[in-house]
């Protein structure tokens, strides 16, 4: 493995690597002038803090991370006592390379117990952050050291798994970007964008995490402020025609993020588990809670104009999109300079083999609503999580999961610790092939996927990633034995 420079400077270097390569190429060819560049400070409105690496050893990233309440100005002129990692929303960007060892010394300074779940990462069960199954809760004033290898390139994220609807809803989440040193250069100037929302009142106080009672639980609570890297409707500077690469994660408690930009199309090159088999073009980007997307975009327009990237209502059931207006999520301001000439997009593809389903075991799940007085209970196969028996499986098995939705709401279904391939109506993996860990199950619909259990025995959660639904019982456990 090549020598790695100190990681405290990694994010800035990663953003400029492709530009440096272009400069060197231009110099070697004897070309005059610099290659096209984004405007000075182009990403300052959304720039993420990066955790400081405590270990200069090649192949090791070691950081400290503290959960604490911090007063932030989310509503102009008001202070909100948000729940944060290291004092900000989102938490700091953790960045490593595929195959690195990640060590996170976590400390809890919140007034409640918590854990950290590393969403999407194929790690040992003991590091998964599932309280009572993979680790005990970390109480106020306590700590826990997470120590694991990050084997796969892609964008992942971290959030709590104790009272997760309230804690994540109050601001506890952050991105983890795992780089692939072998991917092509020149894909575009990179932005990691954490999409979320938060509920605050006019005075800046946090919304009641149980607002709306059973109806709020049924619908899934959405915050009234849309946040992009913790900012409301930020402005990113851009140069027309110069490609950008957006690494997107939906960290919202319940909100589906559907993004569109007038007269523009997006090229999606990756998702939950890294690059796709091949790129696909799309008019809109739809991310359920927990999902990620890796997209390329070339902003076009008159110099000095501003482009809106809009949150477009998505009907996830019961008319949840009814009469809801489109809202600017963020904006691109085009520099007052000539558009850059088109640069050919580097060839980006990934060899992914379809999993063999011929001898796969069947796992049949039905997402259900339990009738009765008191607090609303949801469940899987008619049983809420606290009454359910774990599913049994063995290392090395392949399984086809069939998840049936009996609700009039969509449900984003997440399996901890493992990637899967979504299957089409013909029983074959959907194309382009990609690795997923979160998939939407539509209203009155059924979603199927195939997963192979590699050698990581233990107890693994699966649940709806509308976190209000998970807390209400739409969760289960997979007991994987050697």
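So here's what we get for this one:
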item: Residue within the stretch 294-309 that is within 30 Å of residue 427 (Cβ to Cβ) and either surrounded by fewer than 18 Cβ atoms within 10 Å (Cβ to Cβ) or at pLDDT 95 or above (or both) present; result: yes
item: Hits in the stretch 98-144 - residues which are at positive phi and either surrounded by 18 or more Cβ atoms within 10 Å (Cβ to Cβ) or not assigned by TED's automatic domain parsing to the domain that holds residue 166 (or both); result: 120, 129
item: Single residue of 146, 158 found to be touching a strand residue (DSSP E or B) at 6+ places or on another chain (Cβ under 7 Å), within 28 Å of residue 74 (Cα to Cα) and touching a residue at least 40 places away in the same chain (Cβ under 8 Å); result: 158
item: Test: residue in the stretch 328-351 that is within 24 Å of residue 469 (Cβ to Cβ), at pLDDT below 95, surrounded by fewer than 16 Cβ atoms within 10 Å (Cβ to Cβ) and not assigned by TED's automatic domain parsing to the domain that holds residue 413; result: no
item: Residue match in the stretch 177-184 (condition: within 23 Å of residue 243 (Cα to Cα) and without any contact (Cβ under 8 Å) to a residue 60 or more places away in the chain); result: yes
item: Search result, residues across the stretch 438-474 that are closer than 23 Å to residue 376 by Cα and under 19 Å from the mean Cα position of the chain (by Cα); result: 440, 441, 461, 462, 463, 464, 465, 466, 467, 468, 469, 470
item: Options 404, 397, 371, 408: the member that is under 22 Å from residue 458 (Cβ atoms) and either free of Cβ contacts under 8 Å to residues at least 24 places away in the same chain or surrounded by fewer than 19 Cβ atoms within 10 Å (Cβ to Cβ) (or both); result: 397
item: Count of residues meeting criterion [surrounded by fewer than 23 Cβ atoms within 10 Å (Cβ to Cβ), closer than 28 Å to residue 115 by Cα and either over 15 Å from the mean Cα position of the chain (by Cα) or not assigned by TED's automatic domain parsing to the domain that holds residue 273 (or both)] in the stretch 193-207; result: 7
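For every residue, the table says whether it meets (1) closer than 24 Å to residue 353 by Cβ; (2) part of a strand (DSSP E or B).
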residue: 277; (1), (2): yes, yes
residue: 286; (1), (2): no, yes
residue: 302; (1), (2): no, no
residue: 325; (1), (2): no, no
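The values are calculated or read from the model by the stated rules, or taken from the named source; none is laboratory data. From a predicted model like this one, the values you see are computed outputs, not experimental measurements. Cβ coordinates were reconstructed from backbone atoms using ideal geometry, including for glycine residues, and neighbour counts include every protein chain displayed.
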